[in-house]
Amino acid sequence: MRFAIATIAAAGLLLSVCPVALAQEKVVPKATKPAAPTKPSTPAAAPAQPPQVVMPDAEKIVLLLRSTLNTLNDALQTGNFTVLRDKSAPGFRQVNTAARLSQSFSDLAAKGIDLSVVNILAPQLTDPPALDQGKSMLRLKGYFPSQPVQINFEMLYQAADGRWQLFGLSVQPGAPVPAAANAGAPATNAAERR
């Protein structure tokens, strides 16, 4: 008897719930619209592959480094980091405001670091340029051998809108590398050794 009451109660509960579920599942006939003209069948297009990025040549790498550091130098001299932010990759712009960049580089500004020497000095890459095809990223790390302060850098660029755009930036003043350490180094830098 208890089993029958439980079964009847369950059936009653099921019937009270089903109309709601069935109402949501009713199929409403779709209005018919005129058939669209058929196109001749074409082979299915292959899924779009992201364009392959190419390692920039040594001259382009030097231009990227100098351009970025000149823009940073202008920002340090004027206190206006808007251009540095606006010239960068979309992901960089999303996470960095001009005020945040000003704060990030306040130590360089306070020390009065002049980055304009990058226009006349050749950069020395401490690591070969690294290209990440999957993320369309280019990593450059090295220094400009200036006196009395060496300019150490690490930059990350992203291929976006058909050009390399800044995605990450670290610039630190440091003690110059003694000339003897560079004397044994080959005349070409890491960018040319790719």
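List pairs: first residue in the stretch 100-120 and closer than 21 Å to S146 by Cα, second residue hydrophobic (A, V, I, L, M, F, W, C) and not in a helix (DSSP H, G or I) anywhere in the structure, Cβ distance under 6 angstrom, at least six positions apart or on different chains.
From residues that are closer than 21 Å to S146 by Cα, the pairs are V118/F144.
Kindly indicate the residue of the stretch 142-160 that is surrounded by fewer than 18 Cβ atoms within 10 Å (Cβ to Cβ) and within 20 Å of the chain's Cα centre (by Cα) and also farthest from P173 (Cα to Cα) among those meeting that condition.
A160
Could you check the stretch 112-128 and list, in sequence order, the residues that are in a loop (DSSP other than H, G, I, E, B) and crowded, with 21+ Cβ neighbours inside 10 Å?
P123
Evaluate the stretch 145-152: report whether one residue or more is in a loop (DSSP other than H, G, I, E, B), modelled with pLDDT under 95 and within 25 Å of V53 (Cα to Cα).
no
What do you reckon, is Q133 modelled with pLDDT of 95 or more, under 22 Å from the mean Cα position of the chain (by Cα) and not aromatic (F, W, Y)?
Values: modelled with pLDDT of 95 or more: no; under 22 Å from the mean Cα position of the chain (by Cα): yes; not aromatic (F, W, Y): yes.
Against the criterion (modelled with pLDDT of 95 or more, under 22 Å from the mean Cα position of the chain (by Cα) and not aromatic (F, W, Y)), Q133 does not qualify.
In this structure, does S88 turn out to be modelled with pLDDT of 95 or more, touching a strand residue (DSSP E or B) at 6+ places or on another chain (Cβ under 8 Å) and surrounded by fewer than 17 Cβ atoms within 10 Å (Cβ to Cβ)?
no
The values are calculated or read from the model by the stated rules, or taken from the named source; none is laboratory data. The shown structure was predicted, so the numbers you read here are calculated from the model rather than taken from an experiment. Virtual Cβ from ideal backbone geometry, glycine too; neighbours counted across all protein chains shown.
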